Amino acid sequence: MKAKELDYIEILDTTLRDGAQTYGISFSLQDKLSITQRLDELGVRYIEGGWPGSNPKDIEFFKAIKDISLKNSEIVAFGSTRKKEITPSKDSMLNTLLETEVKTIVIFGKAWDLHVTEVLHTTLDENLKMIEDSIEYLKDHGLDVIFDAEHFFDGFKGNYEYAIRVVKKAEEVGAKVIVLCDTNGGTLTSNTQSIVKGTKAELKTPIGIHCHNDSGLAVANTLMAVLSGVNHVQGTINGLGERCGNADLCQVLPTLHFKMGLRTLINDKPMSEQLKNLSALSKYVYELTNLPPNPYQPYVGKNAFAHKGGVHIDAMLKQSRAYEHIDPFLVGNRRELSISELSGRAGVMNMALKFGIKLDKQSDVVDKVLNEIKSMEAQGYHMEDANATVHLIFLKSMGYDLYPFQVQLWRVSTMKNSSKFTSGEVIVKVGDEVLHEASIGVGPVHALDQALRKALLKCFPQLKNVNLINYKVTVVDSASGTASTVRAFIEFKDDSLQWATTALSDNIIEASAMALIDGYAYRLIIDKIKNFSY
Ligand SMILES: [Zn+2]
């Protein structure tokens, strides 16, 4: 018998647009491309890539993304309705949207009369005309339009008739989805229910929800909107977003699936399989934003399934459902019992398998790895995404010394008078050969990397295609000011492999150097151990 199809809720992820507006974060172009690929793997229907026309980086994104083929998701661009009192063809922002060559555009327009008269300084009729003209212009160019009714909930409360006229206008000119936005995040969940239901009764077009978290209700309001009839949900990974953020998809997705029986992801894998990637995706986005992960975040936080109290642990050992609302495994998280290392050992065994290493449960390697990782994490390491660093710990704990080279010395110097000059120097020993190389660079880490590459390529030409695709430095203990410990995280890629290393030091260049050296060494070690059977 065929399994019953679950009802489907369409997801639009706006981590790269609304999420990029989070105070204190800045995505590089590569960050945006990497996150896009992870969201595509997860299988959200739409990825809002940015607001071209508001900044050059977003224009670059839409150019670069054309070269990346996505399996599941569709990229959409975001923009506003045309400016007042001009024709759409003269509106540079609308024309920039056309240049992105995406098939679907998200257009936001004002649904609150207060914003129309006091912020846009125009008439209520002109605002309707701006919505009409903009949607028609994009549709005339063959595009689908999702209409974000900005401030819809405040508009509904302040001038119900006008708010409804706005969404009816968008419907009349053919918006594919009409999204009700709680832009100021001040709406109560009970009001979300009545307003969504009241609006749905007026429209035939599918409606969506976009909630901000200023009252701590973004997730609750999103879920209530789904219960009240929306079938399109917008949110961000980790709830990133302007001010207090948007609805956190790391909470919305598992709740919609595991508790409300709905399907939200579009790929060929079952939902329950895909949601196991959620905790890893959450950590990945934190790493790229340089924000510390929130350990208390529901579902994906480090403490979400950590049990400390004696009574709790005693009960948990008898029955895991005693103090857990779902199995942490379902969202790729893990149970932590503070007195027991059982979960830790199982985690190590699991990780070993990923590297093709079969370990006996009793093997002392498991303890060695576990102790090493625990002690590193206590110092401030984040191991989850640094797969190469973890693999190297395994190999070391198994007694393998496979480093194909030793860096005997490295030195960088930066001079600044009328201009700036940075040089790097390394002495590398490969077998009996000692190589001494120097290079200049745009900064100390670049100079060091250039010198190191120069030396290594002499003996290991296969490293020629290795690229550094991401480099991040995060302060671990900001209390020490400029003497703080920092964590370097570097992602590498070549034709066949992508890997990442991490290192910690109170010296920013040393942390970077260690992660760099490990990254190059790892690529060579992988070739060495290809035919190993452990
Ligand atoms: Zn928003």
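The values are calculated or read from the model by the stated rules, or taken from the named source; none is laboratory data. Since the model is a prediction, treat every value here as computed from it, not as a measurement. Cβ atoms come from the backbone with ideal geometry, glycine included; neighbour counts cover every protein chain shown. We work out accessible area using only protein heavy atoms, side chains counted, and drop any ligands, DNA or RNA first. Shrake-Rupley method; radii C 1.70, N 1.55, O 1.52, S 1.80 Å.
Conditions: (1) at pLDDT below 95; (2) part of a helix (DSSP H, G or I). GLY155 meets all but one. Number of the miss?
For GLY155, the exception is condition (1).
Identify all residues within segment 263-311 that are open to solvent by less than 10 Å² (accessible area, probe 1.4 Å) and in contact with a strand residue (DSSP E or B) (Cβ under 6 Å, 6 or more places away or on another chain); write none if there are none.
THR264
Counting only residues that are over 13 Å from ASP58 (Cα atoms) and among the polar types (S, T, N, Q), which one in segment 84-106 is nearest to the chain's Cα centre (by Cα)?
THR104
Just checking, does segment 176-183 include any residue being under 25 Å from TYR8 (Cα atoms) and more than 16 Å from the ligand (Cβ to nearest atom)?
Yes.
Of all residues in segment 199-214, count the ones that are charged (D, E, K, R), more than 13 Å from the ligand (Cβ to nearest atom) and crowded, with 16+ Cβ neighbours inside 10 Å.
So the answer is 1.
Is it the case, given these coordinates, that GLU161 is over 22 Å from the mean Cα position of the chain (by Cα) and either open to solvent by 40 Å² or more (accessible area, probe 1.4 Å) or within 15 Å of the ligand (Cβ to nearest atom) (or both)?
yes
Applying the selection to segment 458-474, what residues are among the hydrophobic types (A, V, I, L, M, F, W, C) and either under 23 Å from the mean Cα position of the chain (by Cα) or assigned to a strand (DSSP E or B) (or both)?
Those that are among the hydrophobic types (A, V, I, L, M, F, W, C) and either under 23 Å from the mean Cα position of the chain (by Cα) or assigned to a strand (DSSP E or B) (or both): LEU468, ILE469, VAL473.
What residue, among those in segment 110-151 that are touching a residue at least 12 places away in the same chain (Cβ under 8 Å) and basic (Lys, Arg), is nearest to the ligand (Cβ to nearest atom)?
In this case the residue turns out to be LYS110.
Failed condition for TRP499, given (1) out of contact with any Lys or Arg (no Cβ under 8 Å at 6 or more places or on another chain); (2) assigned to a strand (DSSP E or B), with all others met?
(1)
What's the total number of residues in segment 215-234 that are over 19 Å from ILE35 (Cβ atoms) and either small (Gly, Ala, Ser) or open to solvent by less than 10 Å² (accessible area, probe 1.4 Å) (or both)?
Counting residues in segment 215-234 that are over 19 Å from ILE35 (Cβ atoms) and either small (Gly, Ala, Ser) or open to solvent by less than 10 Å² (accessible area, probe 1.4 Å) (or both) gives 11.
Condition first: modelled with pLDDT under 95, among the β-branched types (Val, Ile, Thr) and closer than 18 Å to ARG523 by Cβ. Can you find one or more residues in segment 460-474 that meet it?
yes
With the structure loaded, tell me whether ASP248 is under 30 Å from ALA163 (Cα atoms), within 16 Å of the ligand (Cβ to nearest atom) and surrounded by fewer than 24 Cβ atoms within 10 Å (Cβ to Cβ) or whether it fails that test.
No: the conditions fail for ASP248.
Test each condition in (1) open to solvent by less than 60 Å² (accessible area, probe 1.4 Å); (2) on the phi > 0 side of the Ramachandran plot for PRO52 and report the one that comes out false.
Answer for PRO52: the failing condition is (2).
Scan segment 235-243 and tell me whether some residue there is more than 15 Å from the ligand (Cβ to nearest atom), open to solvent by 30 Å² or more (accessible area, probe 1.4 Å) and among the charged types (D, E, K, R).
For segment 235-243, residues more than 15 Å from the ligand (Cβ to nearest atom), open to solvent by 30 Å² or more (accessible area, probe 1.4 Å) and among the charged types (D, E, K, R): absent.
Mind listing whichever residues of segment 481-497 are touching a residue at least 24 places away in the same chain (Cβ under 8 Å) and surrounded by fewer than 13 Cβ atoms within 10 Å (Cβ to Cβ)?
Within segment 481-497, ASP495 is the sole residue that qualifies.
Could you give every pair whose Cβ atoms fall below 8 Å, whose first residue belongs to segment 228-242 and is hydrophobic (A, V, I, L, M, F, W, C), and whose second residue is in a loop (DSSP other than H, G, I, E, B) and within 14 Å of the ligand (Cβ to nearest atom), counting only separations of at least 6 or pairs across chains?
VAL233/ALA247; ILE237/THR15; LEU240/THR15; LEU240/ASP18; LEU240/THR22
What's the number of the condition ALA352 fails, among (1) open to solvent by 50 Å² or more (accessible area, probe 1.4 Å); (2) in a helix (DSSP H, G or I)?
(1)
Filter segment 267-277 down to residues that are under 19 Å from the mean Cα position of the chain (by Cα) and farther than 13 Å from HIS257 by Cα, then give me how many there are.
Matching residues across segment 267-277 total 2.
Could you go through segment 181-198 and let me know if any residue there is touching a residue at least 60 places away in the same chain (Cβ under 8 Å), among the basic types (Lys, Arg) and open to solvent by 10 Å² or more (accessible area, probe 1.4 Å).
No, because not a single residue in segment 181-198 is touching a residue at least 60 places away in the same chain (Cβ under 8 Å), among the basic types (Lys, Arg) and open to solvent by 10 Å² or more (accessible area, probe 1.4 Å).
Which ones in segment 461-480 are polar (S, T, N, Q) and open to solvent by less than 50 Å² (accessible area, probe 1.4 Å)?
ASN470, THR474
If a residue has to be closer than 18 Å to LYS429 by Cα and polar (S, T, N, Q) to count, how many in segment 397-419 make the cut?
2
How many of the residues making up segment 475-494 are in a strand (DSSP E or B) and over 30 Å from LYS464 (Cβ atoms)?
Result for segment 475-494: 1.
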